[in-house]
Amino acid sequence: MKTRTKHILVAAIVVVPSIAALTAYGLWWRATHYVVERKEYHDAPEQHAVELTDDGIEDKTPTFDESLVDSRPLGDWEVNASAAVIRLDCPNIKPDVEEGMLTLHPSYADAMRAPQTLVYAVLPSANLVDGAAKQFDDGLYAALDLACYRGELGLAPPPREVIRALFDALPTGSPARPFLAAALELGDTHVPLERNEEEAKGRFLRAFAEDKERSKPISFYNWTPELQQVWRFYRFLQHEFDEQSGIQIVKDIAAVLGDRPELLNQYRAINGFYGRLTNPLICLPADALIDTTAPLSKLAAEWGARWATVAVFPPSTSRETELFAALFEFGVPDGANLMAEFIRRVRSGEIDLAPDADDGWYQYQAYALEAMLMPAKAQEKDKLLLTAKYKKR
């Protein structure tokens with residue numbers, strides 16, 4: 001009993017001074033030290049090769065215009081901000097205090113109804129305005145595309161009827177018969193064929209369906225079943241033939257067009273419409289082969305086509321398509337950033353987005369974006385001070 005009591009006393013003698021020492025150290029540390037909590041936010045790693053820099057205020061020289069008085073007085077004061085410079089930036093999101101900024105919403109309207117948004121006066125972003133404009137552009141293009149497909153523009157009968165007339169005029173045994181029959185089937189029109197022609201039509205349709213890049217509708221072409229049909233019908237007939245593969249198909253179509261002036265005019269009206277709605281055709285149309293045996297390369301030079309191929313309804317060209325074809329003649333290498341390269345060359349002046357006389361609506365849309373890529377050329381350049389982050393966004 002005495003031994004146990006002795007051990008307890010020894011332990012108490014050791015522990016009590018230790019606790020006292022720790023307490024004293026804690027009081028001394030608090031008196032001589034303080035803690036600063038600092039949060040750092042870092043930019044995400046750069047994902048593209050386009051070099052961007054902040055604008056300098058020394059480069060901005062807006063002109064004061066005494067007539068430009070803000071219609072909203074500030075108390076008894078009138079405000080004239082005509083010589084003011086507005087700085088636009090996209091600051092980093094702070095996930096710990098701005099968690100709502102990381103939430104993706106199905107629509108702009110849904111985002112504006114979010115609880116964290118209701119406490120602010122919402123200013124529509126450039127993205128919202130651009131999104132609304134794109135919806136309008138897409139809707140207008142879809143309406144025009146459907147009107148042409150239905151034959152409602154007064155330019156020509158529906159393209160399916162033009163293709164059906166071509167099919168009916170083809171000679172027996174022509175390889176163009178199953179090809180056009182496949183296109184008509186994609187347009188929900190069925191035509192009678194011989195057994196071997198049915199087999200050839202099936203091969204055309206299977207190859208098309210397996211090529212998802214060609215056959216799968218994208219963008220507004222998914223709005224309605226009819227627009228999906230429009231996509232597949234035209235995309236199939238955009239198939240490009242060269243002198244080593246299937247050229248006889250287009251030669252037979254050209255022969256029919258050459259013998260029927262009215263049908264030729266209708267065919268040209270359809271291609272002419274799309275050449276203005278989008279852009280000039282990138283390859284030769286079938287009528288380029290009428291009454292000629294010249295090689296496609298020679299015909300392409302004469303017709304101003306960029307590619308020495310031929311299609312029933314050729315696709316359109318664009319500045320970016322032309323650039324990529326020139327840069328990557330043998331295919332796009334892994335890791336290539338096509339859009340960054342395009343933007344870099346627009347900014348350097350190597351590519352001019354200004355529409356030519358023959359360019360279509362698509363090029364005018366691209367030209368409208370030039371102010372975003374080259375704000376230093378815009379009318380409001382002296383009024384805006386853009387940070388590199390804003391330009392990137």
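The values are calculated or read from the model by the stated rules, or taken from the named source; none is laboratory data. Fair warning: this is a prediction, and the values are worked out from it, not measured in the lab. Cβ coordinates were reconstructed from backbone atoms using ideal geometry, including for glycine residues, and neighbour counts include every protein chain displayed.
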statement: By residue number, the members of the stretch 218-237 that are surrounded by fewer than 16 Cβ atoms within 10 Å (Cβ to Cβ) and not acidic (Asp, Glu) are 218, 219, 222, 223, 224, 225, 228
field: Lone unmet requirement of (1) touching a helix residue (DSSP H, G or I) at 6+ places or on another chain (Cβ under 8 Å); (2) within 22 Å of residue 257 (Cα to Cα) for residue 150
entry: (1)
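Any residue that is under 15 Å from residue 299 (Cβ atoms) and assigned by TED's automatic domain parsing to the domain that holds residue 143 - is there at least one of those in the stretch 258-268?
Taking the stretch 258-268 and keeping what is under 15 Å from residue 299 (Cβ atoms), we get 258.
Remaining after also requiring assigned by TED's automatic domain parsing to the domain that holds residue 143: 258.
The answer is yes, given that some residue of the stretch 258-268 is under 15 Å from residue 299 (Cβ atoms) and assigned by TED's automatic domain parsing to the domain that holds residue 143.
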Any chance residue 154 is in the same structural domain as residue 231 (by TED's automatic domain parsing) and loosely packed, with under 11 Cβ neighbours inside 10 Å: yes
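Answer with yes or no whether residue 145 is of a type in the set (Asp, Glu), in contact (Cβ under 8 Å) with a residue 12 or more places away in the chain and surrounded by fewer than 19 Cβ atoms within 10 Å (Cβ to Cβ). Give the steps one after another, and end with the answer.
Numbers: of a type in the set (Asp, Glu): yes; in contact (Cβ under 8 Å) with a residue 12 or more places away in the chain: yes; surrounded by fewer than 19 Cβ atoms within 10 Å (Cβ to Cβ): no.
Considered against the rule, which asks whether it is of a type in the set (Asp, Glu), in contact (Cβ under 8 Å) with a residue 12 or more places away in the chain and surrounded by fewer than 19 Cβ atoms within 10 Å (Cβ to Cβ), residue 145 comes out as no.
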message: Condition check: surrounded by 14 or more Cβ atoms within 10 Å (Cβ to Cβ) and either under 31 Å from the mean Cα position of the chain (by Cα) or not in a helix (DSSP H, G or I) (or both). Does residue 191 satisfy that?
response: yes
- line: Residue set 54, 138; condition touching a residue at least 40 places away in the same chain (Cβ under 8 Å), touching a strand residue (DSSP E or B) at 6+ places or on another chain (Cβ under 9 Å) and either in the same structural domain as residue 336 (by TED's automatic domain parsing) or surrounded by 11 or more Cβ atoms within 10 Å (Cβ to Cβ) (or both); output residue 54
message: Among the listed residues 279, 271, identify the single one that is closer than 19 Å to residue 305 by Cα, out of contact with any Leu (no Cβ under 7 Å at 6 or more places or on another chain) and either part of a loop (DSSP other than H, G, I, E, B) or in the same structural domain as residue 296 (by TED's automatic domain parsing) (or both).
response: 279
- prompt: What are the residues in the stretch 148-170 that are outside any helix (DSSP H, G or I) and touching a residue at least 40 places away in the same chain (Cβ under 8 Å), if any?
  reply: 153, 155, 156, 157, 170
Residue within the stretch 199-208 that is within 23 Å of residue 273 (Cα to Cα) and touching a residue at least 12 places away in the same chain (Cβ under 8 Å) present: no
- prompt: Name the pairs: first residue in the stretch 280-307 and free of Cβ contacts under 8 Å to residues at least 12 places away in the same chain, second residue buried (at least 20 other Cβ atoms within 10 Å of the Cβ), Cβ to Cβ under 8 Å, at least 6 apart or on different chains?
  reply: none
- prompt: Which condition number in (1) surrounded by 10 or more Cβ atoms within 10 Å (Cβ to Cβ); (2) outside any loop (DSSP other than H, G, I, E, B); (3) at pLDDT 70 or above is the one that residue 21 fails?
  reply: (3)
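Can you spot a residue in the stretch 81-93 that is loosely packed, with under 10 Cβ neighbours inside 10 Å, at pLDDT 85 or above and outside any helix (DSSP H, G or I)? Write out each step before concluding.
Here is the first cut: in the stretch 81-93, the ones loosely packed, with under 10 Cβ neighbours inside 10 Å are none.
Checked the stretch 81-93: no residue is loosely packed, with under 10 Cβ neighbours inside 10 Å, at pLDDT 85 or above and outside any helix (DSSP H, G or I).
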- request: Kindly indicate which of 182, 207 is more than 21 Å from residue 262 (Cα to Cα), at pLDDT 95 or above, assigned by TED's automatic domain parsing to the domain that holds residue 233 and crowded, with 19+ Cβ neighbours inside 10 Å.
  value: 182
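For the subset of the stretch 258-288 comprising residues that are of a type in the set (A, V, I, L, M), more than 25 Å from residue 364 (Cα to Cα) and under 34 Å from the mean Cα position of the chain (by Cα), which member is surrounded by the most Cβ atoms within 10 Å (Cβ to Cβ)? Before the answer, list the steps.
Quick first cut of the stretch 258-288, residues of a type in the set (A, V, I, L, M) only: 263-264, 269-270, 277, 281-282, 284, 286, 288.
Subset that is more than 25 Å from residue 364 (Cα to Cα): 263-264, 286, 288.
Okay, now just the ones that are also under 34 Å from the mean Cα position of the chain (by Cα), so 286, 288.
Values: 286: 28, 288: 20.
Taking the candidates together, the pick is 286.
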